[in-house]
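Chemist: To start, I am sharing the structure in question, which I have written as structure tokens.
The values are calculated or read from the model by the stated rules, or taken from the named source; none is laboratory data. The structure presented is a predicted model; accordingly, all values stated were derived computationally and were not measured. Cβ: placed from backbone, ideal geometry, glycine included. Neighbour counts: every protein chain shown.
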Amino acid sequence: MIKKVRQHINQNEPLLFENSSPGKRGYQLPPLDVPAVDAAKVLGAQNTRAEIEGFPEVSEVEAIRHFTRLSTQNYAIDLGLYPLGSCTMKYNPRVNEQVARIEGLAWAHPYHPESLTQGILAVMGELEKMLLEITGMDAVTLQPAAGAHGEFTGILLIRALLESRGNPRKKILIPDSAHGTNPATATMAGYSVENIKSNDRGMVDVESLARAVDDDVAALMITNPNTLGVFEQNITRIAEIMHAKGAMVYMDGANMNALVGIARPGDFGVDVMHLNLHKTFSTPHGGGGPGSGPVAVKRQLVPFLPKPRLRQIGGQWSWNYDLPQSIGRVRAFYGNIGMHVRALAYIMAHGGDGLRNATMDAVLNANYIRALIGDYYVLPHKAPTMHECVFSDERQAKLGVRTGDIAKRLIDYGFHPYTVSFPLIVQGAMMIEPTETESKAELDLFVDALISIAKEIEENPEMVLKAPHNTRTSRVDETTAARKPIVRWKPN
Ligand SMILES: *Cc1c(COP(=O)(O)O)cnc(C)c1O
């Protein structure tokens, strides 16, 4: 029962190099009306380069068509539901884009004097204020360029605070449901990582945690709600345990889409956290950036925040560099400012009630999917679902079909796959996050697709094992692609 298969023009696109023919140009210039000079002589040989060997030569229309055709092979949130769990692929309202393109904001340059950039500084100041209201924290830096970058900044802040107290300590505790960036961050910041087990409800086991905290532990990095989409109900108790031993609580705020307007990390014991503006606050997302991962802290960590810090004196905004305890810059200039503009536009357009509604709709949508596919797929953790739900391929695996196969088959039904095989504590994980921006009609199509695939697996597993069938490229060898990538074109 394929209700809607979105197919594009059936045309495979060669590489631009393969389309090349010598002498073609994508531009035309008027005839030279000044004496010709040798560029290498005028600019110096070190500033000019020879022709690039094998550079593709195509006309303007060929270049345009090439990239436009490639763009039709992509999937995007603007085409349909993008249920990639943990990533919060919500729709980005176009008004954000319009605001970010306002000339004075889009063309502000970091070397402009403060007297000429009061507007953009006010935008950043206003965003800081709103993020503090949303998180319940005391101060925030907008510098970090992604969630992982925010984690790294946050752990450096914890290290700096503990060092100022005489001992940076050695270990960071991380629950086994955590995102891979958490242990990577801890390691990069010079800490060793100790795993904390989850219990069968999918929450941190408080007893194991209490046993693991000693004087060597600098912090716990916890995601809340965690990557199972489960709210850590013991979070206040967990924070008390950490604080009693002089350790900090870092919250990975990638899942704030389940909390905004409902609960504030600053109120449940968190000392440092990051936000992913490109997840929760509807700034463009994917393709490697740009992202934005502001880090919010409690009072005791404020002196260590990256510099410069934004301040307002007598109505004038300026940058404060005079911060002797700061960990320094974590990025050139002031962060991905275009993302700040979009996030502020999103927050202001929604207002407090609108943000809370968005959160409640995100949770409702995830629970709707959970309820409707619950008869077809195994849900290992039965605790209440927040903004995403994690199923297992357990039942389908018995027939030889795994989460990755089901994901490929979803492409035939016109959907981007869910997150495959993460979190690691769920065998054959199928992690689904619809976000609040999906209508009941779109969710129903998605649910129908998943139910239809579950039936196909019982009747004709080959259909799913060989998917996708409706794409221009069928299943690729992902292992070879990852291990032996061919990234340079060679004429054959
Ligand atoms: C997305 C995500 C991150 C990393 O954020 P980036 O912006 O991709 O660097 C960290 N933790 C969790 C739980 C996430 O979902």
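Yes/no per residue for (1) in contact with a Lys or Arg (Cβ under 7 Å, 6 or more places away or on another chain); (2) surrounded by fewer than 13 Cβ atoms within 10 Å (Cβ to Cβ):
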position: Leu450; (1), (2): no, no
position: Asn460; (1), (2): no, yes
position: Ala467; (1), (2): yes, no
position: Asp477; (1), (2): no, yes
position: Ile486; (1), (2): no, yes
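Chemist: Which of the residues spanning segment 185-207 are at pLDDT 95 or above, surrounded by 16 or more Cβ atoms within 10 Å (Cβ to Cβ) and hydroxyl-bearing (Ser, Thr, Tyr)?
Modeler: Selection gives Thr185, Tyr191.
Chemist: Please verify whether Asp444 is closer than 30 Å to Tyr346 by Cα and in a helix (DSSP H, G or I), treating the condition exactly as stated.
Modeler: Yes; evaluated as a whole, the condition is true for this residue.
Chemist: Quick one: in segment 386-401, of everything that is surrounded by fewer than 20 Cβ atoms within 10 Å (Cβ to Cβ) and of a type outside the set (S, T, N, Q), which residue is nearest to Thr280 (Cα to Cα)?
Modeler: The residue in question is Glu394.
Chemist: Looking at Leu105, is it without any contact (Cβ under 8 Å) to a residue 12 or more places away in the chain and more than 21 Å from the chain's Cα centre (by Cα)?
Modeler: The answer is no for Leu105.
Chemist: So if I check each of Ala383, Ala429, which one is out of contact with any strand residue (DSSP E or B) (no Cβ under 9 Å at 6 or more places or on another chain) and either in contact (Cβ under 8 Å) with a residue 12 or more places away in the chain or buried (at least 23 other Cβ atoms within 10 Å of the Cβ) (or both)?
Modeler: Unique residue meeting the criteria: Ala383.
Chemist: If you don't mind, there's one more thing I want to ask. Can you give me the ranges of the strands (runs of 3 or more DSSP E) entirely in segment 228-322 with at least 2 residues that are touching a residue at least 24 places away in the same chain (Cβ under 8 Å) and within 12 Å of the ligand (Cβ to nearest atom)?
Modeler: Numbers: elements: 248-252, 272-274, 295-297, 309-313, 316-320.
Hits in segment 228-322: 248-252, 272-274.
Chemist: Could you count how many residues in segment 24-75 are on the phi < 0 side of the Ramachandran plot, touching a residue at least 24 places away in the same chain (Cβ under 8 Å) and either assigned to a helix (DSSP H, G or I) or surrounded by 10 or more Cβ atoms within 10 Å (Cβ to Cβ) (or both)?
Modeler: 16
Chemist: Hey, which of the strands (runs of 3 or more DSSP E) in segment 110-200, taking only ones fully inside, have at least 1 residues that are more than 16 Å from the ligand (Cβ to nearest atom) and hydroxyl-bearing (Ser, Thr, Tyr)?
Modeler: In segment 110-200, 192-196 are the strands (runs of 3 or more DSSP E) which contain 1 or more residues that are more than 16 Å from the ligand (Cβ to nearest atom) and hydroxyl-bearing (Ser, Thr, Tyr).
Chemist: Would you mention how many residues in segment 447-473 are closer than 15 Å to His416 by Cα and either assigned to a helix (DSSP H, G or I) or among the small types (Gly, Ala, Ser) (or both)?
Modeler: Number satisfying all stated conditions: 6.
Chemist: Assess whether Gly404 counts as being at positive phi, of a type outside the set (Lys, Arg) and either surrounded by fewer than 23 Cβ atoms within 10 Å (Cβ to Cβ) or in a helix (DSSP H, G or I) (or both). Give the steps one after another, and end with the answer.
Modeler: On the way: at positive phi: no; of a type outside the set (Lys, Arg): yes; either surrounded by fewer than 23 Cβ atoms within 10 Å (Cβ to Cβ) or in a helix (DSSP H, G or I) (or both): yes.
Answer is no for this residue.
Chemist: To continue, here is another question. Within segment 82-101, take every residue that is touching a residue at least 60 places away in the same chain (Cβ under 8 Å) and away from the ligand (no atom under 16 Å from the Cβ) and give me the one that is surrounded by the fewest Cβ atoms within 10 Å (Cβ to Cβ). Lay out the reasoning, then the answer.
Modeler: So the first thing to find is which residues in segment 82-101 are touching a residue at least 60 places away in the same chain (Cβ under 8 Å), and the list is 82-93, 95-97, 99-100.
Restricting the remaining residues to those that are away from the ligand (no atom under 16 Å from the Cβ) gives 91, 93, 95-97, 99-100.
Details: Tyr91: 14, Pro93: 16, Val95: 12, Asn96: 22, Glu97: 15, Val99: 20, Ala100: 20.
Filtering first and then ranking leaves Val95.
Chemist: Here's another thing I want to ask about it. Kindly indicate which of Ala258, Ala247 is out of contact with any Pro (no Cβ under 6 Å at 6 or more places or on another chain) and either crowded, with 17+ Cβ neighbours inside 10 Å or not assigned by TED's automatic domain parsing to the domain that holds Leu364 (or both).
Modeler: Just a single option satisfies the conditions, and that option is Ala247.
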